[in-house]
Amino acid sequence: MENYQILGLVGSLLLIIGIAFPFAFFYPRYGMMGYGGMMFYGFMEFLVISAFVLGIIGSLISDKTIAGVLLVLAAVLSIPAMGFIGIISFILLLIAGILAFTSGKKT
């Protein structure tokens, strides 16, 4: 495995951990009687899960251009994952996408 693939996998797995913490500890207490948080986390969950899927697919694809596009798109979609783990996963996915773009064939 290349460096961008490892960074993409680690960033995607951290993204799932970053979204699991708010659900585990704070989900039932958000919003007025719990309704406001449910709507916000439903939208955030959609973005973060799609970022996770794009990150995993981008890490497993061997074509570096498509992998770079998917990893950068996953980094942009992972922005709603707040907290320290969300920031780390954003940085790892962005670096993985940049590495995939710049580590092309050397002729």
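Give, in nm to one decimal, the length gained when the segment between Thr102 and Glu2 is fully stretched (0.36 nm per residue of separation minus the Cα-Cα distance). Please list the in-between numbers first.
Values: separation 100, 0.36 × 100 = 36.00 nm, distance 1.25 nm.
That pair, Thr102 and Glu2, stretches by 34.7 nm at full extension.
Run the numbers for Ile49 and Phe84: contour at 0.36 nm per residue of separation, minus the present Cα-Cα distance, in nm. Write down the numbers at each step before the final one.
Numbers: separation 35, 0.36 × 35 = 12.60 nm, distance 1.77 nm.
Value of the extension gain: 10.8 nm.
With labels modelled as points extended 7 Å from the Cα through the Cβ direction, what inter-label distance (nm, one decimal) is found for Leu60 paired with Val76?
2.4 nm
Each value in this text was obtained by applying a stated rule to the coordinates, not by laboratory testing. Keep in mind that this is a model prediction, so the values were computed, not measured. Note: ideal-geometry Cβ built from the backbone for every residue, glycine included; neighbour counts use all protein chains shown.
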